[in-house]
1. Relative contact order for the chain using alpha-carbon pairs under 8 Å, separation at least 6, rounded to a whole percent?
2. What do you get for the angle between helix 198-211 and the principal long axis of the chain? Use alpha-carbon atoms, 0 to 90 degrees, nearest ten.
3. What does the extension gain come out to for residue 110 and residue 312, with contour length at 0.36 nm per residue minus their alpha carbon separation?
4. Rounded, prolate or oblate for segment 146-304? Axes are the square roots of the Cα gyration tensor eigenvalues, ordered a ≥ b ≥ c, and the cut-off for rounded is a/c under 1.5.
5. Among 11-19, 82-90, how do they line up by average Cβ neighbours within 10 Å per residue, starting with the highest?
6. Classify segment 3-134 from the C-alpha gyration tensor, please: rounded if a/c falls under 1.5, else prolate or oblate depending on whether a/b exceeds b/c.
7. How far apart, in nanometres, would the label points at residue 265 and residue 103 be if each is projected 7 angstrom from Cα along the Cα-to-Cβ direction?
8. In what order do 126, 225 fall by count of nearby beta-carbon atoms within 10 Å, going from fewest to most?
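All of the numbers you see were taken from the coordinates with simple rules; none came from a lab. Everything numeric in this text was worked out from a predicted model, so none of it was measured. All Cβ positions, glycine included, derive from the backbone under ideal geometry; neighbour counts span all protein chains shown.
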C-alpha cells in the first residue's frame, strides 16, 4: 500500500500572503481573515479546481475571499496538515494588495490588516504563522521585476528546412504559449520583450493579445547574439531588474543557449535534489519560466518547470 493510500488522499490547495505597505510607506501589513465555519484566523486559501495551476488558484482564492485584486510575487512556503479527507497541501505566494474592497461573504466574515508580528500572533495555526514570518526574510525583495521565459517547443531543427530563426512553435509549443497567457498575467506584466527567433515571439503572442501589449525585439538576448556579446545581454537584464516607477514586470522570452548562462552571471544558483547547493547549472526547459527580483548577487529566482495544471488536482 502506498503512503498516500495509508494517509488518505492528497488535497491540493493554494493561497496568498496578502500584504500592503504600512502607514506612510512603512513596515508591511498582512491580511488575515476569519472563517466562521472553523472560527479561526487564517490566510486566504482554498482548494484547486480541476485543471488549475496552483498559482492561478491562489490568486483566485485571494480575490474571492478578500474582494481585493492582487499581484503575485515570489513563492512562499508549502505547508501540509491532516484533514478529514487525508492531507491538505497548500502552496503559498506573496501577493501585493491592489484595488477593491472587502465584503463579508460565506467563507470569510472579517478581514484585518495587521503588522507582521501581530498577524502571526493572531493566526490560529502554526503553519500560517510560518508563512507570515516568511514575508520578512532578509535575502531579497518579495516582488519580481523580470519574468524570463524560454520559448515553447518548436520541433527538431533537423526537420526544419528554412532558416532556424524562422522555425515556428509546434502543437505542444502553441499549447505552452496559451498556458503562459493564462498564468503570467498574475505577475502584472507591463512590458513584453522577445529575442529575434519567430518561436520566441510566438511564445509571447497569446499573452500580448490578452494584455493588449506590443512585443519589442531585443537582439541582445538571442542565443547567437548572447554568445557573441554576453555583456550586452547582461547589461539589459540588469537594467530590467531595477524596480520601475510603475511597478510593472517585464516579461522576456529568450533561448536555452542564453538563459542558464545569464542566470549564473546574475548570481542565480540552482539547488538540485541530492546535489551540493549552487553546483548545478540553472535549468531552462522549453516553456519554462524564471521569476526574478532583486539585484545581481542578491536575487530571488523562482523556477517554474512548466505552468501546466496541477496533476494532483481532483475534479
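1. 19 percent
2. Helix 198-211 sits roughly 40 degrees off the main axis of the chain.
3. Length gained between residue 110 and residue 312: 69.6 nm.
4. Working: a/c = 1.44, a/b = 1.17, b/c = 1.23.
Here segment 146-304 falls in the rounded category.
5. Details: 11-19: 25.1, 82-90: 14.8.
Top to bottom by mean Cβ count within 10 Å: 11-19, 82-90.
6. prolate
7. 5.1 nm
8. Lowest count first: 126, 225.
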